[in-house]
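Worksheet for the structure shown next.
The values are calculated or read from the model by the stated rules, or taken from the named source; none is laboratory data. Worth saying up front: this structure is predicted, and the values here are computed from it rather than measured. A quick note on method: Cβ atoms are made from the backbone with ideal geometry, for glycine too, and the neighbour counts reach across all protein chains shown. The accessibility values were calculated without ligands, DNA or RNA, using every heavy atom of the protein model including side chains. Shrake-Rupley method; radii C 1.70, N 1.55, O 1.52, S 1.80 Å.
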Amino acid sequence: MLIVFNHIGARDPNRTVLRLQELTRPLWAGGPAEDGYSSYDRKIPVIATGLRNLREHGPDGPVLLRFGRTRMQPLRDAIGNPRRNTALAREAERMKAQQAEYQEQLRRAAELKRAEHEAGRPVCRLRDEVRQRPMEEHPAFPEARPPVTPDPVRAARGQDGRGGGQSRA
């Protein structure tokens, strides 16, 4: 709720603001919350200013007094709860760090489980030997190319059918 005072007449707006604060305290007063900020849940923010100040500085200048605070503030600061925002940002950072720690624990556990699984697998020596030697040297794999029978026509020309003979020029 925004109350704008226009100083006309004998009443002093400063005294009126103090009296309004006293009378409306149950409607706007916040209660203590965790992490050192005040919680204004289910409360009405009451803000007061003078018309002259509002015209002179506008809503972005320090002209608004939120009931329960001790200094004039710009509109965004007066309607917000900066200590709560700071506390929530700290909590979000803490949760982010905690989540990263948890993900790291999961990664380490999966890595350990994979290592245990590998250690428990039977060893296949033949497989390891095949991996270490080239295929053409292994007795289980004879020469990969099929034997070529000599072509009598090519043999007469000097070519043995394997592509290693003389070439025509």
Some residue of segment 136-152 being modelled with pLDDT of 85 or more and more than 23 Å from TYR40 (Cα to Cα): no
Residue satisfying all of: in segment 8-43; open to solvent by 80 Å² or more (accessible area, probe 1.4 Å) and not charged (D, E, K, R); farthest from ARG84 (Cα to Cα) among these: ALA10
Options ARG71, ARG55, ARG83: the member that is in contact with a Gly (Cβ under 8 Å, 6 or more places away or on another chain) and open to solvent by 60 Å² or more (accessible area, probe 1.4 Å): ARG83
